[in-house]
Structures are given as C-alpha cells and as structure tokens.
C-alpha cells in the first residue's frame, strides 16, 4: 500500500511516506500540516542585487555570429565574452522546470554552485548592446525594469 487511504471516518498515511497517522476523528489541519511539512519545496529566489560579472576571450564558432559579419562557416574567431553570475536560493532542481505558460524566448544558462550563469558574446564592442542583452535575460528571469514592471515572477 502506498500513499494515503481514506475510509469512513478514518485516514491512514502509509509508513512509506514517514508516518502512521490513523484516528477515528482526524483533523484536516493537522493532516495538512503534516503533509506540507513532509513535502514542502523551498521556493526559488533570484538575487539580482548580487549579480556579478566576469569576462574572457573565447573562440566563437562562425555559425553563432550575426548574419552581418563576414565569417567563414566551420571557422572560429576570438571574441570577448561577458559572463553574468546570478546568485539563487532554494531547490536547484526547480531551475530545470519549465514555466506554464512557457516563455517565448530563452537563453542558455549553467548552474555553478549557488549561481545561475549566462554568457553574452560581445560581437561589436558596444557596451550598450551587451547591457540591453543582459537586461533582456534578467527581465525574462523576473527582474523588474526601471518602471517596476516584471513579466515573470522570480519567487
């Protein structure tokens, strides 16, 4: 027997989930408290105030360049890459979950310890372009813009 079984004036919680709760008169609030304590998931929190930046030179495949660049397929070219480190708290497995409804855009990320990391390639040497890309990624993750608007909740 797995899980919870309810009968006439009786509730049995199987020992496989950690308890043998059985009584003639169960109190729904005590069962709810037991179950929420047993199966509660810590919410995911993104710390945008703790966002840090690093940069390095990397070889970038020609296929990743915008179409306006004159590059040769199959070759790689050295470009500056800006890496953002966004601290998070909560269950890291939640980062693999897809929101409902799904986002129309996405950006590849990696998880390094307690940070979500994403990279932006500096194709043109334009700091404003890099900042716009960073703001788009962080906005999609839930950071509010300068007017206090957020498309998605981060918590």
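A short reminder: the numbers here are calculations on the coordinates, not readings from a lab. Every value quoted in this text rests on a predicted model; they were computed, and no experiment measured them. In this analysis, Cβ positions are derived from the backbone assuming ideal geometry, glycine residues included, and neighbour counts consider all displayed protein chains.
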*Expressed as a rounded percentage, what relative contact order does the stretch 25-81 have, with Cα pairs under 8 Å and six or more residues apart?*
30
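Report, to two decimal places, the Cα Rg of the stretch 91-142 normalised by 2.2 N^0.38 Å (N = number of residues).
On the way: Rg = 12.8 Å, N = 52, 2.2 N^0.38 = 9.9 Å.
Rounded to two decimals, the normalised Rg is 1.29.
Evaluate E = 1/(1 + (r/R0)^6) for residue 110 and residue 30, where r is the Cβ-Cβ distance and R0 equals 35 Å; express this FRET efficiency to the nearest 0.05.
Values: r = 43 Å, r/R0 = 1.22.
That pair, residue 110 with residue 30, gives E of 0.25.
For the stretch 41-138, what's the relative contact order in percent, using C-alpha pairs closer than 8 Å and at least 6 residues apart?
Numbers: 135 pairs, mean separation 28.7, N = 98.
This gives 29 percent for the stretch 41-138.
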*Find how much the distance from residue 42 to residue 139 grows on full extension, using 0.36 nm per residue of separation minus their present alpha carbon separation; answer in nm with one decimal.*
32.7 nm
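Taking 0.36 nm per residue of separation and subtracting the Cα-Cα distance, what length does fully extending residue 93 through residue 59 add? Don't jump to the answer; show the numbers that get you there.
Numbers: separation 34, 0.36 × 34 = 12.24 nm, distance 3.07 nm.
Full extension from residue 93 to residue 59 adds 9.2 nm.
Based on the Cα gyration tensor of the stretch 45-141, what are the three equivalent ellipsoid semi-axes, each the root of five times an eigenvalue, rounded to whole Å and given largest first? It would help to have the intermediate numbers written out before the result.
On the way: eigenvalues 143, 47, 34 Å².
Calculated on Cα positions only, the semi-axes equal 27, 15, 13 Å.
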_Along the Cα→Cβ direction, 7 angstrom out, place labels at residue 76 and residue 117. What is the inter-label distance in nm?_
1.6
